[in-house]
Amino acid sequence: MAQIRSKRDAGSFMNAFEEWAAWDDTGGKRYFVFADRERGGSWTLMRYPDGAWTIHGKGETYCDDGETKLTAEEACAFVWKHRAAVNRAIGEAA
C-alpha cells in the first residue's frame, strides 16, 4: 500500500497495521506514530493483540490523559480523517 487515497485504502491500512506498526514489548501492543497537525504534536494509534484499538496524543504543550479506546470503525475513521499525516508517516517509514 502506497498511500491512503480512499476510505477503502484506510481499511487496507488497518488490516495491514502490523506491517506499518512497531512493537512495544513493555505495553504488549503495536503502535504507529504520526503528526497531530491540529495541536502541533503527535498521535499514536495502537492495536492490542486482542484487537482493541486506542489512540493517544502528546505534544510540547499537552498530553492526553491515558489512551482513548476506539472501535475498529472509529479507528478507521480516525485514520481517514488524518490521512495526510498518516501518508507522510508511511512515506517516511518506507
**Fill in**
Taking region 28-48 and the residues there that are in a loop (DSSP other than H, G, I, E, B) and either within 19 Å of Thr71 (Cα to Cα) or in contact (Cβ under 8 Å) with a residue 40 or more places away in the chain (or both), the one that is most open to solvent (accessible area, probe 1.4 Å) would be Arg37
**Request:** Could you list all residues from region 1-27 that are among the aliphatic types (A, V, I, L, M), open to solvent by less than 60 Å² (accessible area, probe 1.4 Å) and closer than 21 Å to Glu73 by Cα?
**Result:** Ile4, Ala10, Met14, Ala16, Ala21
**Item:** Filtered residues of region 18-46 (kept if hydroxyl-bearing (Ser, Thr, Tyr) and farther than 10 Å from His56 by Cβ)
**Value:** Thr26
**Complete:** Scanning region 24-81 residue by residue, the ones that are within 20 Å of Ser12 (Cβ to Cβ) and charged (D, E, K, R) total 5
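Residue by residue, here is whether (1) crowded, with 17+ Cβ neighbours inside 10 Å; (2) outside any helix (DSSP H, G or I); (3) modelled with pLDDT of 95 or more holds:
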{"site": "Asp50", "(1), (2), (3)": "no, yes, yes"}
{"site": "Thr54", "(1), (2), (3)": "yes, yes, yes"}
{"site": "Asp65", "(1), (2), (3)": "no, yes, yes"}
{"site": "Lys69", "(1), (2), (3)": "no, yes, yes"}
{"site": "Ala75", "(1), (2), (3)": "yes, no, yes"}
{"site": "Trp80", "(1), (2), (3)": "yes, no, yes"}
{"site": "Ala84", "(1), (2), (3)": "no, no, yes"}
{"site": "Arg88", "(1), (2), (3)": "no, no, yes"}
{"site": "Gly91", "(1), (2), (3)": "no, no, no"}
**Prompt:** If the Cβ limit is 8 Å and pairs must be 6+ apart or interchain, which residue in region 80-94 that is more than 11 Å from Phe34 (Cα to Cα) and touching a residue at least 60 places away in the same chain (Cβ under 8 Å) pairs with which residue that is open to solvent by 20 Å² or more (accessible area, probe 1.4 Å) and basic (Lys, Arg)?
**Reply:** Trp80/Lys7
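The values are calculated or read from the model by the stated rules, or taken from the named source; none is laboratory data. The shown structure was predicted, so the numbers you read here are calculated from the model rather than taken from an experiment. Don't worry about glycine lacking a Cβ; one is built from the backbone with ideal geometry, like all the others, and counts go over all protein chains shown. Side chains are part of the model used for accessible areas, which takes the heavy atoms of the whole protein and leaves out ligands, DNA and RNA. Shrake-Rupley method; radii C 1.70, N 1.55, O 1.52, S 1.80 Å.
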